[in-house]
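Down below is the structure, laid out as C-alpha cells.
Coordinate-derived values only; no laboratory data. If you're wondering where the values come from, they're calculated on a predicted model, not measured in any experiment. Don't worry about glycine lacking a Cβ; one is built from the backbone with ideal geometry, like all the others, and counts go over all protein chains shown.
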Amino acid sequence: MPDTQDFTKKTEVDIAYYILSHAGQTMYYKDLVLDVIEKKHKPVQSLSAAISEVYTLINMDSRFHYEGEGQWGLTEWNPPETKRHTRSSSSTSSGSSRAANKASRRKEKLFESIQE
C-alpha cells in the first residue's frame, strides 16, 4: 500500500522515524536512508553526500538506536537501561558506614569459620 502522506515538508529524521515505526523492525542504514531520500523527493546531486547527510542526522537524533552491523531501530523498542546506584564512602553517613563495616566483619568471620 503506497504512502499517501506528503513528506516534502517533513524533516529527514521525521521521515526516517515514520519509516521505522511503520516497518516495526530494524533496517539496514542504506535502505533506510535511500527510502528517506525517495519519500522526501529531495533533488540529489551527489548520492553519497545525501546518504552521509541523512545518516548523520539519524545518528544525532536520540529517537534512533544503532543495533550493530549497520542496522538502525527506534530507541523506544529497547528497554531503558537501569543504572546501578553505588554508594561512595564520602556520601554515606557514619551510621550506615558502621553498619556496612559490621556486616563486612560478620561475613569475614563466617567465611573464616567455614574454612576451618
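Given in Å, the Rg to one decimal and the Dmax to the nearest whole number for the Cα atoms of segment 12-77 are 10.9, 34. Residue-wise HN-Hα couplings along segment 12-19, as the Karplus relation 6.51 cos²θ - 1.76 cosθ + 1.60 with θ = phi - 60° gives them from phi, are 4, 6, 5, 5, 4, 4, 4, 4 Hz; Gly and Pro carry x. Report note on the peptides 32-45, 56-69: ranked by the mean count of other C-beta atoms within 10 Å, highest first, their order is 32-45, 56-69.
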